[in-house]
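Q: I'd like to ask some things about the structure below.
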Amino acid sequence: MPDSIRNRLYSTEAIVLARRNLGESDRIYDIYSVRYGKFSVIAKRARRPDNRDGRSLDLLSRVLIHLYRGRNLDIVKSVEPVATHDGLRADLDAYGHACYLAELVRAMTEDRQPNEQLYALLAQCLTLLSEGVDPWPVTRYFEYALLDASGFQAQLYACAHCRLPLSAQVNAFSVRESGILCPKCQLHDPGAAPLSVNAQKYLRAMDREGLRRTIGLQLDEASRNQVQHMLTNYLQHLAERPLASLGVLRSMRGKVGTGVPAP
């Protein structure tokens, strides 16, 4: 192999975030790589039924992808499956939540900015969703940890305005202030959303205990809705655009009549 071609070859583990068709048989994939962060690649003839690489690059799959550098987009040379997450295909609710996680990564990361902590978090959460773990705590933890990994962690222990320690009472989360406000400081943001004592405890538990411990925690429905509203609204504010997956999930939940808003 000529050195000029060899120097253009490289490999990385990655998760497939999105895909779109190009021409008659090619496909562009948005991937999140452990070594290089988020970027797009092109797979030639990926839409042909006999193309093995195209089948391996299923949405949300974790793969070892071999690439060579192209002029505009890097080109897929070959693909080795690492985790296909087959359980997501058998559970529409889990699949919808997994797509939401992928959209969050696309919205909250810059191209070619690697973050090994975020990659490991996404890989772990996709595995749990595929294994049938309740999507609600997995998704809430991912949202919270994504904020932390992206440098936008919310202030949970002291008032985001006056900086005094928060007491055990109903407080409110302010998107504008990036944290919880005490009752006195809520006047500075009338749009701040209330958080019960249990909702605040749950958020702090996510901060201290980690994903595995958080999954087993119980929370009343009203507090669940408050935690969910806080995290999704804050992320949409930071992303500066609506997240399409949220609408899809709400539509799905409405059809099955769970009575609990998605995701």
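Q: Collect the residues in the stretch 51-72 that are under 20 Å from the mean Cα position of the chain (by Cα) and either in a helix (DSSP H, G or I) or among the hydroxyl-bearing types (Ser, Thr, Tyr) (or both), keeping them in residue-number order.
A: SER61
Per-residue answers, yes or no, for (1) of a type in the set (Phe, Trp, Tyr); (2) surrounded by 16 or more Cβ atoms within 10 Å (Cβ to Cβ); (3) modelled with pLDDT of 95 or more:
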{"residue": "ARG45", "(1), (2), (3)": "no, no, no"}
{"residue": "PRO49", "(1), (2), (3)": "no, no, no"}
{"residue": "LEU60", "(1), (2), (3)": "no, yes, yes"}
{"residue": "LEU64", "(1), (2), (3)": "no, no, yes"}
{"residue": "ARG71", "(1), (2), (3)": "no, no, no"}
{"residue": "GLU80", "(1), (2), (3)": "no, no, yes"}
{"residue": "HIS85", "(1), (2), (3)": "no, yes, yes"}
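Q: Quick test of your reading of the structure: TYR100 fulfils all but one of (1) closer than 18 Å to ASP30 by Cβ; (2) surrounded by fewer than 20 Cβ atoms within 10 Å (Cβ to Cβ); (3) not assigned by TED's automatic domain parsing to the domain that holds ALA18. Name the failing condition by number.
A: (2)
Q: Mind counting the residues in the stretch 149-166 that are surrounded by 16 or more Cβ atoms within 10 Å (Cβ to Cβ) and more than 12 Å from the chain's Cα centre (by Cα)?
A: Residues meeting the conditions: 7.
Q: Quick check, is LEU17 crowded, with 17+ Cβ neighbours inside 10 Å and in contact with a helix residue (DSSP H, G or I) (Cβ under 9 Å, 6 or more places away or on another chain)?
A: Yes; evaluated as a whole, the condition is true for this residue.
Q: Can you confirm whether the stretch 119-141 contains a residue that is in a helix (DSSP H, G or I), touching a residue at least 24 places away in the same chain (Cβ under 8 Å) and more than 22 Å from LEU101 (Cα to Cα)?
A: No.
Q: Follow-up. Which condition number in (1) at pLDDT 95 or above; (2) surrounded by fewer than 16 Cβ atoms within 10 Å (Cβ to Cβ); (3) more than 30 Å from ILE180 (Cα to Cα) is the one that SER130 fails?
A: Status for SER130: all satisfied but (2).
The values are calculated or read from the model by the stated rules, or taken from the named source; none is laboratory data. Not measured: the values here are computed from a predicted model. Glycine gets a Cβ as well: all are built from the backbone with ideal geometry, and neighbour counts include every protein chain shown.
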